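Presented below is the structure to which this report refers.
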């Protein structure tokens, strides 16, 4: 089948403003949008820029706004999108070229929540023990691949880029609710600040956007409650 | 632009980040140069687990793990490496847990373990629970945990920098030249020690589990300089690639009880490996699958694949322990593995061969183990040789942390007593020229078409089963592809985010590692591990119990030297399971 792909292109160093470019691509229903982007890049227009690596939804390189929703290009199939597909860069991060955005602000927010196990007690000789039930509590948050689909779908983040955003909060959740971690209070400084969790207006865009099916909004609510009731 | 760091690590996957952390711990100023963003590296795609004789589920010993690794490697494994590995991987797994890795747990609170191919108790009696896991995203959790530690320790990263050259003068490593994707700028890096940890080259084949970015860059850079690559004929095809895409479905699926079936529903592995059946090592399972298809027992309208059957497992096991691969089957094939068996065929997966190193990751320049001062390698890019002729499942993740750690420690120690060398301004000249030529030449060959041709060549002539005739044809076609590569052209002439240019450079690397692979395979006239020669079906210990070192001489001629296998307490025996 013929698919029409409309791609928002932009080179901030060039003369042209952001503009739509349309491509016709022969494709199969089971093709991924990533396959179509490759077909364009390889056989029609080598100047199209986008990121990708693993090609099956694990590395988090290719989050894009596809038919109005944030998705990974390697997990979005033609059969689910129809013959007319629009592709734009994810929103709220500066566009570097075409579908490539500056990920540094995203990773700065990640770093702000101290995304690592904090526990100064000397570890035992063998593993720290953790019950399967305690392990289960933060299971969903460990699936995060840092693709930024959630953060860049958040209307609060679009308006105010200083908001740490859903992805950073999911990362914080992953540690706050890990029975081995002792760093909740340290993290609450960043999370309780005016740029932290209270910015969230529960729009649920993040949950819908997450390609890993993490209940992002629920994780944010759990962090809010932990701060509010001084759970740690 | 010029930079300098005591230790520079190339690659931000499992071995790169581990070695960076350990080099930093050793007091060195460390930087990581990676062609991706951190956490995008392909360690994150590893699924099933990391094998270590923790003995959490049942009795286990490092000696058993050592034996399995050697037997799995068809006795080409260096036994000193296997011993160090089997011992040190236990503490490495404990250390990952201490770093925060969220392993699955047993009711006792200890790390959970599952069965995996070729891992046995009492030297082959039955499958053993050895693979420590976090659902089917163990690699993802290792990569995330290691990066978290890098954030904690505030390591320096150069993201989206493509290494173009390793500066070696007078037999000493002095620095790197790299291309910055964001600007097109060429950078030079001075370093006292360099650790190469840039991963494998699965993209040489048409059907692969590997990321688009795994193109053998650093193997090729050293090979072009006349340095050897070791055991390149041994390339692993993972049995259960999602058919026809090649996306990995973990061996852990069979570890949890999954069964491979042919067109009549027969559990065919019973015929090939009566003791451990579906949990035989990957080389044997991959061959069995090919034979089933070849003998007309394949599935589907073209009878060109087999089935991975999980339908007898409780749906809860699949949802809890194998959530990601269930999703892959669902998304990419529309198959629900709790209800239908999943079409599978082998997929190009892992290089046992690579840059030869000592047990401390020091890169070796020849067959008398001459070390290149300041140059280290670890992980899939390296060949230590732990995996011999065939790697066991889970041993790649163990390799990353055990030998990544050793390379990091050794590099930091070396850097302490070393000085920076002055680099002449011309040092980046050849790289700059190469980039400019590729960008500006208006050749008629397209990168994509040439790469497709290369991948088809490797698929047809250098995959699971090999013969003299096939490999010789492959070598001939490669020669033509090298010639055509001289005439490639890119459309994108821009400086910024020129990913087309980068792919043209990467294609050049793929050609080199493919050449090393095909010629090494042509040269080795025996069958051992993953290298199955139908014209030489037997293992030949008398003539071939030795490591291949393949060199590219000036003028492009390929030649060979050999290195003895480090033997030890496990005498080479016939390999049955």
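Quick notes on this one:
- Residue B:123 away from every other protein chain (no Cβ under 14 Å), in contact (Cβ under 8 Å) with a residue 40 or more places away in the chain, on the phi > 0 side of the Ramachandran plot and touching a helix residue (DSSP H, G or I) at 6+ places or on another chain (Cβ under 7 Å): yes
- Selection count where residues are on the phi > 0 side of the Ramachandran plot and within 14 Å of chain A (Cβ to nearest Cβ), scope segment B:209-254: 1
- Among (1) in contact (Cβ under 8 Å) with a residue 40 or more places away in the chain; (2) surrounded by fewer than 20 Cβ atoms within 10 Å (Cβ to Cβ) - the single one residue A:108 does not satisfy: (1)
- Among the residues of segment A:17-45, just one is within 14 Å of chain B (Cβ to nearest Cβ), assigned to a loop (DSSP other than H, G, I, E, B) and out of contact with any strand residue (DSSP E or B) (no Cβ under 8 Å at 6 or more places or on another chain), namely A:28.
- One residue stands out among those in segment B:260-277 that are touching a strand residue (DSSP E or B) at 6+ places or on another chain (Cβ under 7 Å), closer than 28 Å to residue B:124 by Cα and without any contact (Cβ under 8 Å) to a residue 60 or more places away in the chain: the one that is surrounded by the fewest Cβ atoms within 10 Å (Cβ to Cβ), which is B:267.
- Restricting segment A:58-67 to residues that are crowded, with 24+ Cβ neighbours inside 10 Å and in contact with a helix residue (DSSP H, G or I) (Cβ under 9 Å, 6 or more places away or on another chain), the residue that is farthest from the other protein chains (Cβ to nearest Cβ) is A:64.
- Given (1) within 20 Å of residue B:34 (Cα to Cα); (2) surrounded by 22 or more Cβ atoms within 10 Å (Cβ to Cβ), index of the condition residue B:212 fails: (2)
- Candidates B:333, B:322, filtered to the one that is farther than 30 Å from residue B:76 by Cα, within 14 Å of chain A (Cβ to nearest Cβ), crowded, with 22+ Cβ neighbours inside 10 Å and in contact (Cβ under 8 Å) with a residue 24 or more places away in the chain: B:322
- Within segment A:109-160, tally of residues that are within 9 Å of chain B (Cβ to nearest Cβ) and not in a helix (DSSP H, G or I): 20
- Some residue of segment A:174-185 being crowded, with 18+ Cβ neighbours inside 10 Å, out of contact with any strand residue (DSSP E or B) (no Cβ under 9 Å at 6 or more places or on another chain) and within 18 Å of residue A:71 (Cβ to Cβ): no
- Filtered residues of segment B:40-58 (kept if within 14 Å of chain A (Cβ to nearest Cβ) and more than 17 Å from the chain's Cα centre (by Cα)): B:52, B:53, B:54, B:55, B:56, B:57
- Here the strands (runs of 3 or more DSSP E) wholly within segment B:324-396 that include at least 1 residues being more than 30 Å from residue B:169 (Cα to Cα) and at pLDDT 95 or above are B:342-351.
- Residue among B:118, B:100 that alone is buried (at least 23 other Cβ atoms within 10 Å of the Cβ) and either within 29 Å of residue A:144 (Cβ to Cβ) or facing another protein chain (nearest Cβ under 9 Å) (or both): B:100
- Residue in segment B:41-54 that is out of contact with any helix residue (DSSP H, G or I) (no Cβ under 9 Å at 6 or more places or on another chain) and touching a residue at least 24 places away in the same chain (Cβ under 8 Å) present: no
- For residue B:553: the one exception among (1) surrounded by fewer than 21 Cβ atoms within 10 Å (Cβ to Cβ); (2) within 14 Å of chain A (Cβ to nearest Cβ): (2)
- Criterion: at pLDDT 95 or above and under 21 Å from the mean Cα position of the chain (by Cα) - qualifying residue of B:127, B:86: B:86
- Among the residues making up segment B:480-532, those that are touching a strand residue (DSSP E or B) at 6+ places or on another chain (Cβ under 9 Å), more than 16 Å from residue B:441 (Cβ to Cβ), more than 9 Å from chain A (Cβ to nearest Cβ) and not in a helix (DSSP H, G or I) are B:524, B:525, B:526, B:527, B:529, B:530, B:531, B:532.
- Hey, residue B:27 modelled with pLDDT under 95, farther than 13 Å from residue B:158 by Cα and either outside any loop (DSSP other than H, G, I, E, B) or more than 12 Å from every other protein chain (Cβ to nearest Cβ) (or both) or not: no
- Among the residues of this structure, residue B:297 counts as one that is away from every other protein chain (no Cβ under 14 Å), over 30 Å from residue B:548 (Cα atoms) and surrounded by fewer than 19 Cβ atoms within 10 Å (Cβ to Cβ).
- Answer residue from segment A:95-105, given it is outside any strand (DSSP E or B) and crowded, with 20+ Cβ neighbours inside 10 Å and is nearest to the other protein chains (Cβ to nearest Cβ) among those: A:103
- Taking the numbered list (1) within 14 Å of chain B (Cβ to nearest Cβ); (2) free of Cβ contacts under 8 Å to residues at least 40 places away in the same chain; (3) part of a loop (DSSP other than H, G, I, E, B) in turn, residue A:48 passes all entries but (2).
- Unique residue being facing chain B (nearest Cβ under 10 Å), at pLDDT 95 or above and surrounded by 19 or more Cβ atoms within 10 Å (Cβ to Cβ) when the list is A:92, A:55: A:55
- Looking only at segment B:510-554, residues that are farther than 30 Å from residue B:294 by Cα and without any contact (Cβ under 8 Å) to a residue 12 or more places away in the chain come to 1 in all.
- Top-ranked residue in segment A:82-93 [being in contact with a helix residue (DSSP H, G or I) (Cβ under 8 Å, 6 or more places away or on another chain) and part of a loop (DSSP other than H, G, I, E, B); ranked as nearest to residue A:6 (Cα to Cα)]: A:90
- Yes/no for residue A:169 being under 28 Å from residue B:45 (Cβ atoms), surrounded by 24 or more Cβ atoms within 10 Å (Cβ to Cβ) and away from every other protein chain (no Cβ under 14 Å): yes
- Residue that is surrounded by the most Cβ atoms within 10 Å (Cβ to Cβ), among those in segment B:224-239 that are outside any loop (DSSP other than H, G, I, E, B) and touching a helix residue (DSSP H, G or I) at 6+ places or on another chain (Cβ under 7 Å): B:239
- For segment B:160-216, the tally of residues that are under 21 Å from residue B:497 (Cβ atoms), in contact (Cβ under 8 Å) with a residue 24 or more places away in the chain and in a loop (DSSP other than H, G, I, E, B) stands at 11.
The values are calculated or read from the model by the stated rules, or taken from the named source; none is laboratory data. Note that this is a predicted model, so its numbers are computed, not measured. Ideal geometry is used to build each Cβ from the backbone, glycine not excepted, and the neighbour counts take in all protein chains shown.
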